[in-house]
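Heads up, the thing below is written out as structure tokens.
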Amino acid sequence: MIKIGADLEAKNEDGWISLHFAAIEWHIAVVEMLLELGMDPNAKDSEGWTPMHGAAQMGKAGADPSARDNEGQTPLHLAADEGQVEAIKVLLALGVDSNPPDKNGMTPLHLAKRYEHHAAAETLIKAGATLLKVL
């Protein structure tokens, strides 16, 4: 669709863009691709919801916010890796573990610290994450 010139910013009757749809389905790879293409992660729909609001709502509706990818990483790992404090807060509010190790023993806090995302690291520490519990 992108190759043939689809308008990724096109809105439906509720004001949703393609990023909203990808976020509510927890299609992380698609969300990342859309963001790389320059889509606004804070785009609001007709009710003022951003894609993250939709993702959080889906977590309440049964989507697994702790689902792991092939490397054992959760959405919290991805949010910490990118320093996305608001996403971290939403995921923690959904009740995800603040300190899950991936297949290499890396936790979201490890990733936040590695990339010097200080606010993300502080948010995780306040939620109980520690570098000492792993391994």
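Laboratory data are not the source of any read-out in this text; all were calculated from the coordinates shown. Everything numeric here is computed off the predicted structure, so don't read it as measured data. FYI the Cβ positions are ideal-geometry reconstructions off the backbone, even for glycines, and counts take in every protein chain you see.
If you project the alpha carbons of the range 66-135 onto their three principal axes, what span does each projection cover, largest first, in Å?
Sorted largest first, the three principal extents are 25, 23, 19 Å.
If you keep only loop residues by DSSP, which GluC sites (Glu not before Pro) in the range 86-135 have at most 14 other Cβ atoms within 10 Å of their Cβ? Can you show the working numbers first?
Numbers: sites: GLU86, GLU116, GLU122; in loops: GLU116.
Listed in order of number, the matching sites are GLU116.
Using alpha-carbon pairs under 8 Å, 6+ residues apart, how would you state the relative contact order of the chain in percent?
Dividing the mean separation by the residue count of the chain yields 17 percent.
Along Cα→Cβ, 7 Å out, is where each label goes; now give me the distance between the ones at ALA10 and VAL30 in nm to one decimal.
In this crude label model, ALA10 to VAL30 measures out at 1.5 nm.
Looking only at LEU94, LEU124, LEU37, which one moves most when the chain is put into a Gaussian network model with springs between Cα atoms under 10 Å?
Greatest mean-square fluctuation among the candidates belongs to LEU37.
Which longest uninterrupted range of the chain lacks any trypsin sites (Lys or Arg not before Pro) assigned by DSSP to a loop state (not H, G, I, E or B) and surrounded by at most 12 other Cβ atoms within 10 Å?
Answer from the scan: 4-102.
With no solvent and one equal point scatterer per Cα, compute the Debye intensity ratio I(q)/I(0) for the chain at 0.15, 0.17, 0.20 Å⁻¹ and report its log10, rounded to two decimals.
Treating every Cα as an identical point scatterer, log10 I(q)/I(0) equals -0.73, -0.90, -1.15.
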